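The values are calculated or read from the model by the stated rules, or taken from the named source; none is laboratory data. Owing to the predicted nature of the structure, the values given are computational and were not obtained by experimental measurement. No Cβ is skipped: glycine too gets one built from the backbone with ideal geometry, and neighbour counts run over all protein chains shown.
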Amino acid sequence: MIEALMIVGAYIVGSVPIGVIVGRVRGFDPRAVGSGNIGTANVARAGGASAAAITFAGDVLKGAIPVMAAQAAVEDADYVRNYVAEVLAARELLCVGLEKLDIAYVPSSANFVLGHFGKRAIEVRDALRGQGILVRDRSYEAPGCVRITVGTRAQTRKLLAALEEIWRQ
């Protein structure tokens, strides 16, 4: 849950259009002047050095805030240790589940497993998506393969239950 909140938070912080905000406060819209870009250079052309400095500082902070939050999360050694243990356990659960379903897969040391679904790859991908489980078709580089990202054990059990239902049809 924390990861999702951090991602959403980083997205929200990154989407703040600092140049537009500075422009509005200074009485211009950087999208309507110069290059139309909302970045520092165009704000400088339209609003001067002080507007550009504020835009630059705001844009730097937009990048720095999510990085600082990520650093704080990584510094929490217990959290990192628990998260890694959860992913490793979930990956093992996924591999065992695929074996039980007699679905070939590529052994992995990463946080994903490449399952070989053959001619049913697209069908499996679409059926899982229909249940809100996102996987990635990799058939264009590995024919018949679907990339399954490892989440938590609870998510993996949900995936395996859905996959069993789809695969047995």
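Values as computed for the structure displayed
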quantity	calculated
Of all residues making up segment 109-122, the number that are in a helix (DSSP H, G or I) and farther than 12 Å from R138 by Cα	2
Search result, residues across segment 140-154 that are assigned to a loop (DSSP other than H, G, I, E, B) and surrounded by fewer than 16 Cβ atoms within 10 Å (Cβ to Cβ)	Y140, E141, A142, P143, T152
Answer from G27, G58 - the residue that is over 22 Å from the mean Cα position of the chain (by Cα) and surrounded by 15 or more Cβ atoms within 10 Å (Cβ to Cβ)	G58
Lone qualifier among A10, A72 - being at pLDDT below 90, assigned to a helix (DSSP H, G or I) and either buried (at least 16 other Cβ atoms within 10 Å of the Cβ) or of a type in the set (S, T, N, Q) (or both)	A10
Within segment 1-48, tally of residues that are farther than 30 Å from V80 by Cβ and of a type in the set (D, E)	1
Test: residue in segment 89-107 that is outside any helix (DSSP H, G or I), modelled with pLDDT of 90 or more, touching a helix residue (DSSP H, G or I) at 6+ places or on another chain (Cβ under 9 Å) and on the phi > 0 side of the Ramachandran plot	yes
From R129, R125, R157, residue being within 21 Å of V84 (Cβ to Cβ) and in a helix (DSSP H, G or I)	R157
Residues of segment 107-136 satisfying the condition of being buried (at least 18 other Cβ atoms within 10 Å of the Cβ) and more than 19 Å from Q155 (Cα to Cα)	F117, A121
T55, sole failed condition from (1) of a type in the set (V, I, T); (2) part of a helix (DSSP H, G or I); (3) over 30 Å from A32 (Cβ atoms)	(3)
Residue among A53, A90, A104, A77 that alone is surrounded by 13 or more Cβ atoms within 10 Å (Cβ to Cβ), over 22 Å from V146 (Cβ atoms) and among the small types (G, A, S)	A53
Hey, Y79 aromatic (F, W, Y) and modelled with pLDDT under 90 or not	yes
The listed residue being in contact with a Lys or Arg (Cβ under 8 Å, 6 or more places away or on another chain) and either hydroxyl-bearing (S, T, Y) or in the same structural domain as M6 (by TED's automatic domain parsing) (or both), out of G47, G63, G58, G39	G47
Members of segment 13-24 that are surrounded by 15 or more Cβ atoms within 10 Å (Cβ to Cβ) and either charged (D, E, K, R) or touching a Lys or Arg at 6+ places or on another chain (Cβ under 6 Å) (or both)	V13
Selection status of R91, touching a residue at least 24 places away in the same chain (Cβ under 8 Å) and under 22 Å from A154 (Cα atoms)	yes
